[in-house]
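Just so you know, all these numbers are worked out from the coordinates, no wet-lab data involved. Source: prediction; values computed, not measured. Counting neighbours? That spans all protein chains shown, and the Cβs are built from the backbone with ideal geometry, glycine included.
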Amino acid sequence: MTEAAVNRPSGRGRFISFEGGEGAGKSTHIRKLAERLAAVKLRAIVTREPGGSPGAEIIRHVVLSGMGKLLGPDAETLLFAAARDDHVRTVIQPALAQGIWVLCDRFIDSTRAYQGRLGQVAPGVLNAMQRVTIGDLKPDLTIILDVPIEVGLKRAAARRDGGAPDRFEAEDLKFHQDLRDAYRQIAAEDPQRCVLIDANADPDQVAAQIWTALRDHLLPTAPAASPA
Ligand code: TYD
């Protein structure tokens, strides 16, 4: 893929979100994709939710500590929304406007899956928050990494290296199975934007599938060749 092939006439950057359950490998594959984009001289930033801006990182600390849970599902969702509002306004929108690609570890589908499907926050509440926080902004492409829950939870535990699980890692097995189902449903409902990838495969194969998804969804006219 060449630099010319990936630059958009509008000059606006592309927005790619990564989603999945615990231990799906998002951070590894975001890093790999950022390296590949750098190899074709594309400016890209890597960011995450909840967090990604100084204000949102403070809220991240509150929700992942479990303190948000004490406020109840709607208020906890408001905390995610407040973090997203700051992140979108101060980091994501300015980067896209400058032609910089944004690779975001979790975005709106996390709220749909975790708070909507699992937290049972009403769709009307989620839609209202979505309107306020992101307006018309949607990822151009969402990569959903899918792994069996035993594999994901084992990876998450290895990453913690004996540390305590966070607010969501500590949920029970049914929660994680429902989460996986929720993501599969999101992928099925929006195939234009979402690509479900088997993240249980060898990491190089997963990275190759992500690159193919990017080419097919964002650059349908680009040549098939990709950097090694
Ligand atoms: P993080 O440590 O970033 O976990 P992971 O590596 O799994 O992404 O923790 C983020 C947690 O916050 C994760 O368990 C999912 C949850 N979350 C929500 O519940 N709703 C949201 O809108 C977002 C962005 C994240």
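Hey, can you tell me all the residues within the stretch 136-167 that are farther than 12 Å from residue 20 by Cβ and surrounded by 18 or more Cβ atoms within 10 Å (Cβ to Cβ)? Those that are farther than 12 Å from residue 20 by Cβ and surrounded by 18 or more Cβ atoms within 10 Å (Cβ to Cβ): 139, 140, 141, 153.
When the stretch 62-77 is filtered for residues that are closer than 15 Å to residue 120 by Cα and among the hydroxyl-bearing types (Ser, Thr, Tyr), only 77 remains.
Checked against (1) within 14 Å of the chain's Cα centre (by Cα); (2) within 19 Å of residue 167 (Cβ to Cβ), residue 119 passes all but condition (1).
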